[in-house]
Amino acid sequence: MLQTILFWIFAIIGIAGAIGLIFNKSAVYSALSLILNFFSLAGLYLSLSAEFLAAIQILVYAGAIMVLFLFVIMLLNVQDEQGVLKFDPRQGIAFLIGLAFIGEMLFVFKDFAGTSLSGSFAFGQVEAVGRELMTRYLFPFEMISVILIAALIGAIVVARKHSYH
Amino acid sequence: MSFLEPNAFSYLTVSVIMFALGIIGVMTRRNGIVVFMCIELMLNAVNLSLVAFSKMHHLNPLNPADPTTGATGSMLVFFVMCVAAAEAVVGLSVIIALFRNKLDIDINNVNIFKW
């Protein structure tokens, strides 16, 4: 019952956030819609009893990454995009491709319609994730730190002001 | 009320719709930052389907009898999130470098590689 309520609330809010992302003229409103979508995804993770991922989703995505996006949007002072909701044949093709993708994937996934996910609604994922990270996935976990350092150095090198030329 | 009960197909449907909206956004929007946010949306849609599959299979390699704490699919989502964070940092720095050089992030005007 709790899973049903959580699913319907957060599925509708999440899809509304995604629609708001692609139909807002202003980049700031798009970013705020995406934050709404990320929060509702955290709610969906919670309804799948993945509470560790729900916390990480809010901390990393809705917290860190979207603050970075908003900083860059406000730093660059981008203009509102014209022609977002005006019909354009090329945009019509994009919508057709999106609808074809939805139909195709639903046809692939239709066999899962009988698979129930309403198991025990227990919270115990953090412990299991911690054990996995420190035992089986220890090497990938350490490699993540290398990737983050590489991304940090790369971002500084790419975005700095070049003094030569 | 039983038809409202979400099964695996419901979660996968939400995931597919979010991914398709990300595709539409990438193809229709021209603001570089918004295109980038649509890519983030697609990454998150895939994460949702991974969590749903993880819940479907209840995989816990340390204790197979334990049905509640399937962490194997969650590990994949965790690593996807880490790589997405690194990707966001590098992509935004590319956008800043683009803005420094052209004072514009409309991706229709970015054709300096065009021959």
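Any read-out appearing in this document is the output of simple, stated calculations on the displayed coordinates, not a laboratory observation. All of these numbers come straight from a predicted model, not from anything done at the bench. Here Cβ is always computed from backbone atoms with ideal geometry, including for glycine, and neighbour counts include all displayed protein chains.
Some notes on this structure:
- 23 Å Cα-Cα reach of B:Lys114 towards lysines, excluding residues that sit fewer than 8 places from it in its own chain: B:Lys102
- Summed over qualifying helices (DSSP H, 4 residues or more, each -39500 (n - 2.57)) and divided by its residue number, chain B shows a 222 nm mean residue ellipticity of -24000 deg cm²/dmol.
- As a rough guide to protection, the peptides A:59-68, A:106-115 ranked by mean Cβ packing within 10 Å, highest first, stand as A:59-68, A:106-115.
- Kirkwood analysis of the protein assembly as shown, using all unique Cα-Cα pairs, places the hydrodynamic radius at 20.0 Å.
- All Cα pairs of the range A:44-114, percent lying beyond 21 Å: 64 percent
- For chain A, relative contact order (Cα pairs under 8 Å, six or more residues apart, normalised by length) works out to 21 percent.
- Contact order, relative form, for chain B: 24 percent (alpha carbon pairs under 8 Å, 6 or more residues apart, mean separation divided by residue count).
- Calculated mean residue ellipticity at 222 nm for chain A: -22500 deg cm²/dmol, from DSSP H runs with n ≥ 4 weighted as -39500 (n - 2.57), summed, divided by the residue count and rounded to 500.
- Most to least packed among A:135-146, A:40-51 [average Cβ atoms within 10 Å]: A:40-51, A:135-146
- Dipole size of the protein assembly as shown about its Cα centre, with +1 on Lys/Arg Cβ and -1 on Asp/Glu Cβ: approximately 740 debye, rounded to the nearest 20.
- Rg over Rh, two decimals, the range A:125-165 (C-alpha only, Kirkwood Rh): 1.34
- Once the Cα-Cα distance is subtracted from the 0.36 nm per residue extended length, the A:Ala64 to A:Ile12 segment shows a gain of 16.3 nm.
- Shielding by partners - mean other protein chain Cβ count within 10 Å, residues of B:100-113: 1
- Projecting the Cα atoms of B:Val89, A:Val78, B:Ser15 onto the charge dipole of the protein assembly as shown (Cβ charges, centred on the Cα centre) puts A:Val78 farthest toward the positive pole.
- Counting only alpha carbon atoms, the long axis of helix B:32-57 and the longest principal axis of chain B meet at about 10°.
- Helix B:8-28 vs. chain B, principal-axis angle (Cα, 0 to 90°, nearest 10): 0 degrees
- Span-like helix ranges in chain A, DSSP H, alpha carbon extent 27 angstrom or more, Kyte mean at least 1.6: A:2-23, A:138-159
- Taking 0.36 nm per residue of separation and subtracting the current Cα-Cα distance, fully stretching the chain between A:Ile147 and A:Leu2 would add 48.4 nm.
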